[in-house]
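See below for the structure under consideration.
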């Protein structure tokens, strides 16, 4: 959180403990510019700033809201903007963000209503969020702030893919886009790493310093320089009191700083030699391996796994069926469980009894959702295989990549994507799939995505799809 020059960071994890346990944290595309943002050499300077507060998990949300109330009062008296950065898992439909807690089932939620109460009135507030469904905060009329969110109200957020040497993702793709955009605003004449000039119009950039321009630069940076599937993020922006033409630092609260210099001071990590089909850099050369083929290769490696008796054997079997069902990229925030599921199947990890029960509930929820999606598709006679056998993520990636082409086929793909988004929104708002309960982990998007793909592939118009969805609502 930043109020003027004052910065306060709240966390429930001691950074010294994290460094001792994991040694280092990286940020960025594993096949591109990835740098170490936390290790034993950086930690002393971070702690010396004296602005990081480690709070017990059970108190983190309460302490965060208290800090927001205090800083907003100070900012109002000093006529300064406040920037609030929120990192956590987001809930489907409400956009509530998990803050603290020991595990998913007991994590307190930061809600739009509690944030509104903490901010108060007549304060210029900027909010940046990387959580799933964070776009809910943009469309909610209760909250008048300048906000930037990593996902739309119906979308999951996504991190860079894990490296071969680590089980951890390497930061938010959206955060990378914001960083690169700020560097462009700072140095409008910069060129890309490969020597080509940025796709952002430099003349417009130099002549404009508004919040609207910052928003545009972030959006174009995500699509043109950072992620081949940038449109899938559905990033959102809002301006407090619709003041889009206000100077962007005042409107967003983002302080002026030498971002490029600071980024380049960090130690660079060598390019990872992992499967290049996961490369998400628009300017890199793409491998011909499709997500479907990559999943098939992984599936082959799972076959033959032995099971054990009792619940442990049941959960391991469920995990194997789940990982064979094209469950989506590990980099999607709700798919944090994939690492554990995969290692269970491969016999690389043994979970304790309490975690085993949690994993059973999570797997049961996800497998049941795919079964329900298959039943819905059967009722409507949609031209798709069973949900367990359909690589929905590959279908989406194919459409988005085709839509980048400047030819009739690219135009057709963009129209198809537009139709998919409209139908996806229709299915999402019908709520024919249940959000996860607290003991079922994070809501799983594949069943909904699969049904939306089926409706598109059936050739239905939006009006026909609406009738079909109403039929499913009657069946639910």
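The values are calculated or read from the model by the stated rules, or taken from the named source; none is laboratory data. The model shown is predicted, which means the values in this text are computed figures rather than measured ones. Here the Cβ positions follow ideal geometry from the backbone for every residue, glycine too, while neighbour counts run over all protein chains shown.
What's the number of the only condition in (1) in contact with a strand residue (DSSP E or B) (Cβ under 8 Å, 6 or more places away or on another chain); (2) at pLDDT 90 or above; (3) surrounded by 19 or more Cβ atoms within 10 Å (Cβ to Cβ) that residue 251 fails to meet?
(2)
Just checking, does the range 96-105 include any residue being surrounded by fewer than 17 Cβ atoms within 10 Å (Cβ to Cβ), at pLDDT 90 or above, touching a helix residue (DSSP H, G or I) at 6+ places or on another chain (Cβ under 7 Å) and over 20 Å from residue 169 (Cα atoms)?
So far as the range 96-105 goes, no, none of its residues is surrounded by fewer than 17 Cβ atoms within 10 Å (Cβ to Cβ), at pLDDT 90 or above, touching a helix residue (DSSP H, G or I) at 6+ places or on another chain (Cβ under 7 Å) and over 20 Å from residue 169 (Cα atoms).
Does residue 195 satisfy the condition of being at positive phi and at pLDDT below 90?
Yes.
Just one of the numbered conditions (1) closer than 22 Å to residue 99 by Cβ; (2) in contact with a helix residue (DSSP H, G or I) (Cβ under 7 Å, 6 or more places away or on another chain) is not true of residue 43; which one?
Every listed condition holds for residue 43 apart from (1).
Which condition does residue 380 not pass, out of (1) over 19 Å from residue 229 (Cβ atoms); (2) surrounded by fewer than 15 Cβ atoms within 10 Å (Cβ to Cβ), if it passes all the others?
Residue 380 satisfies every listed condition except (2).
Within the range 331-344, is there a residue that is closer than 30 Å to residue 471 by Cβ, in contact (Cβ under 8 Å) with a residue 40 or more places away in the chain and under 19 Å from the mean Cα position of the chain (by Cα)? Don't jump to the end; show me each part of the working.
Kept after step one, since they are closer than 30 Å to residue 471 by Cβ, are these residues of the range 331-344: 332, 334.
In the following step, the residues that additionally are in contact (Cβ under 8 Å) with a residue 40 or more places away in the chain were identified as 332, 334.
Now restrict to residues that are under 19 Å from the mean Cα position of the chain (by Cα): 332, 334.
Within the range 331-344, one or more residues are closer than 30 Å to residue 471 by Cβ, in contact (Cβ under 8 Å) with a residue 40 or more places away in the chain and under 19 Å from the mean Cα position of the chain (by Cα).
Identify the single condition in (1) over 20 Å from residue 90 (Cα atoms); (2) modelled with pLDDT of 95 or more; (3) surrounded by 15 or more Cβ atoms within 10 Å (Cβ to Cβ) that residue 404 does not satisfy, given that it satisfies every other one.
(2)
With the condition being in contact (Cβ under 8 Å) with a residue 40 or more places away in the chain and within 27 Å of residue 177 (Cα to Cα), I'd like the helices (runs of 4 or more DSSP H) fully within the range 1-84 carrying at least 1 qualifying residues.
Values: elements: 15-22, 43-48, 60-78.
Because the criterion is at least 1 residues that are in contact (Cβ under 8 Å) with a residue 40 or more places away in the chain and within 27 Å of residue 177 (Cα to Cα), the helices (runs of 4 or more DSSP H) in the range 1-84 that meet it are 15-22, 60-78.
From the list 115, 148, pick out the single residue that is crowded, with 18+ Cβ neighbours inside 10 Å, part of a helix (DSSP H, G or I) and not assigned by TED's automatic domain parsing to the domain that holds residue 334.
Matching residue, one of 115, 148: 115.
What residue, among those in the range 383-401 that are over 23 Å from the mean Cα position of the chain (by Cα) and over 17 Å from residue 432 (Cβ atoms), is surrounded by the most Cβ atoms within 10 Å (Cβ to Cβ)?
The selected residue is 388.
Any idea how many residues of the range 384-431 are over 24 Å from residue 369 (Cβ atoms) and free of Cβ contacts under 8 Å to residues at least 12 places away in the same chain?
12
This table checks each residue for (1) in contact (Cβ under 8 Å) with a residue 12 or more places away in the chain; (2) under 19 Å from the mean Cα position of the chain (by Cα); (3) not in a loop (DSSP other than H, G, I, E, B).
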residue	(1), (2), (3)
220	yes, yes, yes
225	yes, yes, yes
228	yes, yes, no
232	yes, yes, yes
245	yes, no, no
255	yes, no, no
260	yes, no, yes
263	yes, no, yes
272	yes, no, no
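May I ask you to verify whether residue 134 is under 16 Å from the mean Cα position of the chain (by Cα) and modelled with pLDDT of 95 or more?
Criteria met by residue 134.
Report, by residue number, each residue of the range 209-239 that is in contact with a strand residue (DSSP E or B) (Cβ under 6 Å, 6 or more places away or on another chain) and either buried (at least 21 other Cβ atoms within 10 Å of the Cβ) or assigned by TED's automatic domain parsing to the domain that holds residue 400 (or both).
Hits for the range 209-239 are 215, 236, 238, 239.
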